[in-house]
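The values are calculated or read from the model by the stated rules, or taken from the named source; none is laboratory data. The structure presented is a predicted model; accordingly, all values stated were derived computationally and were not measured. So basically every Cβ, Gly included, is an ideal-geometry build from the backbone, and we count neighbours across all protein chains shown. Accessible surface areas use protein heavy atoms only, side chains included; no ligands, DNA or RNA. Shrake-Rupley method; radii C 1.70, N 1.55, O 1.52, S 1.80 Å.
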Amino acid sequence: MKHGIIAILPLAAGAAVYGFAFGLLAAQVGFPWWGVALMSSFVHAGSSQIVAVEQFAGSSAVIGAALAGAALNLRYIGIVASLSDVLSGLSLRAKLTVIHITGDENWALTMSERAKNPEVGAAFLIGSGLVMISVWTASTTFGAVVGAALPNLEQFGLGFAFNAAFIAMARGLWRGPSNSGPWLVSFVVTVVIVLLGIPKAYAIVAGSVCGLAASYFMKTQRKLPA
C-alpha cells in the first residue's frame, strides 16, 4: 500500500488541478460545496460528474445525464474485468470497495507495475486508489468553496477546463489512424444529433453506441477470411 501511495502522487497532483477547476465551475452553476463533496466521494468519476453538472445546470434531462454518464464509463466494465486476478481472494465487500476507488490513473499504474513485478496486487491498487479518491474529493470541494466566493469565472476562460480535460482523455485513448473509423462514426453521429437540437446528453449516448457498433463491425470484417 505504501508503494502505491508514493507511486501515484504525480498523477494525483494532476488530478488535483483538474478537480479544482471542476469544483470552481460546479459552484458557478449553482452546486453547493457539500453537494460537490458528496458527488466526488460517492460517484468518483470525473467524466460522469462533468456531464451531470453540465446537464443539471442547463436542462432537466436527468435521465439523459445518467445515460451519458453510463456511456462514458462503459470502459470500467473492461477495467474491472482486467482486475480479476488482482482481486481474487478478497471478500465481496472488499472487492466492491476496491472497485469503487479504482479510476483510470491508479488502474493503469497498477497494471503497469504488475507487468514489471507480478507480486504487485490489491494492496498497491488500494493504496493508490485511496490517494486518488481523497485528492479528488478534497480538490473538487475546495474548488467549489472558492468558486462560490468568486465572480463569473467564464471571463477568465476557465469554462474551457471541461473541454480540455476531455481532449486530454481522448488523446490518451488514440491508437493511430488504423482505428479512426469508430472515432469518425461517433463524431459524426454526435454532431448531427446536437445540430438537431436534441439534448447533448443523448448525443453522447448515441455517439458512444454507434462508435462501439462501428468498432465491432470493423473487428468482425478483419477476422473474415480473404
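Taking only the Cα atoms of the chain, how large is their convex hull per residue, in Å³?
Working: hull volume 35.4 nm³, N = 226.
Spelled out: Cα convex hull of the chain, divided by residues, is 157 Å³.
Please compute the modelled spin-label separation between TYR216 and LYS2, points set 7 Å along Cα→Cβ, answer in nm with one decimal.
Going by the 7 Å Cα→Cβ label model, 4.8 nm.
Quick one: if you stick a label point 7 Å off each Cα along the C-beta vector at VAL188 and MET111, how many nm between them?
The modelled label-to-label distance comes out at 2.9 nm.
How many times 2.2 N^0.38 Å is the alpha carbon radius of gyration of segment 48-143?
On the way: Rg = 15.6 Å, N = 96, 2.2 N^0.38 = 12.5 Å.
Scaled against compact globular proteins, the figure is 1.25.
Taking the full set of protein chains and a 1.4 angstrom probe, give the accessible area of LYS116 in square angstrom, rounded to the nearest 10.
The accessible area of LYS116 comes to roughly 150 Å².
Where the accessible area of the chain is counted over protein heavy atoms with a 1.4 Å probe, how much of it, in %, is carbon and sulfur?
Here it works out to 71 percent.
What accessible area per residue, rounded to a whole number of Å², is obtained for the chain using a probe radius of 1.4 Å? Please list the in-between numbers first.
Numbers: 12670 Å² over 226 residues.
Accessible area per residue: 56 Å².
Could you report the accessible area of LYS2 in Å², rounded to 10, computed with a 1.4 Å probe on the protein chains as they sit in the structure?
Rounded to the nearest 10, that gives 150 Å².
Could you sort GLU54, GLU113, GLU105, GLU119 by their accessible area in this structure, using a 1.4 Å probe and putting the largest first? It would help to have the intermediate numbers written out before the result.
Numbers: GLU54 95, GLU113 40, GLU105 70, GLU119 155 Å².
Sorted by accessible area, descending: GLU119, GLU54, GLU105, GLU113.
By the scheme Lys and Arg +1, Asp and Glu -1, what is the net charge of all other residues having a beta-carbon under 14 Å from that of HIS44?
Values: positive: none; negative: ASP104, GLU105.
Surrounding charge for HIS44 is -2.
So for SER40, SER180, what's the accessible-area order with a 1.4 Å probe, most first? Mind showing how you got there, number by number?
Numbers: SER40 0, SER180 45 Å².
If we order SER40, SER180 from most to least accessible, we get SER180, SER40.
Rolling a 1.4 angstrom probe over the protein chains, ignoring ligands and nucleic acids, what is the accessible area of HIS3 in square angstrom, nearest 10?
100 Å²
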